[in-house]
Amino acid sequence: MTDRGGEVEEKLLIEAAQQDSSRFAELYERNFDRVYAYVVRRVRDRAEAQDVTAEVFHHALANLRRFEWRGAPFAAWLYRIAANALTDRARRMEKEQGIAVEQAAPAESPEAVEYRARVFGMVRELPPDQRRVIEMRFAEQKSVREIAAELGRSEGAVKQLQFRGLQNLRARVGEQHG
């Protein structure tokens with residue numbers, strides 16, 4: 001959401017969801033991939049990343065009425081919730097297991113969050129096959145072999161889809177930055 005129209009649209013979606021929680025679904029759909037990618041990079045376990053991501057959206061929905069629009073992307077608020085959830089998780093694990101656990105990365109700057117949100121938006125606009133390979137390779141951190149097996153394609157086909165997807169993303173980033 002970098003353009004003014006996108007900001008206005010996002011603000012209206014938030015306000016609608018604050019009035020009627022059933023309207024939260026669109027905010028969830030728009031932001032799920034971002035939050036999941038943020039979490040999975042930090043926990044490196046798919047099941048745990050899914051649990052933490054679910055916890056983030058549950059917390060966001062439960063506290064949505066208290067959210068105040070300040071012009072930053074909604075994703076920034078979700079990232080902050082995710083960072084807190086990851087920190088809480090690390091503390092629980094330390095307490096339960098009596099060992100130090102890698103702490104969540106410090107909160108990112110609003111500019112970094114906004115840039116990441118734009119890139120995730122561009123990924124969503126890729127052709128479906130390219131998008132799926134990019135998500136599996138970089139968000140889920142699967143190997144080319146794992147992706148090929150899961151998609152029923154050859155490793156060469158997966159590499160080609162990844163290459164084309166990255167080319168598409170580079171071109172789109174180039175268009176945005178002149």
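Scanning for something modelled with pLDDT under 80, of a type in the set (Gly, Ala, Ser) and not in a helix (DSSP H, G or I), does region 109-122 turn up at least one residue?
Looking through region 109-122, at least one residue is modelled with pLDDT under 80, of a type in the set (Gly, Ala, Ser) and not in a helix (DSSP H, G or I).
Looking only at residues in region 1-47 that are within 18 Å of Thr87 (Cα to Cα) and free of Cβ contacts under 8 Å to residues at least 12 places away in the same chain, which one is surrounded by the fewest Cβ atoms within 10 Å (Cβ to Cβ)?
Applying the filter and picking the extreme gives Ala47.
Lys95 passes all but one of (1) crowded, with 18+ Cβ neighbours inside 10 Å; (2) at pLDDT below 85; which number fails?
Condition not satisfied by Lys95: (1).
The values are calculated or read from the model by the stated rules, or taken from the named source; none is laboratory data. Quantities reported herein were computed from a predicted structural model and do not represent experimental measurements. Note that each Cβ is placed from the backbone with ideal geometry, even for glycine, and that neighbours are counted across all protein chains shown.
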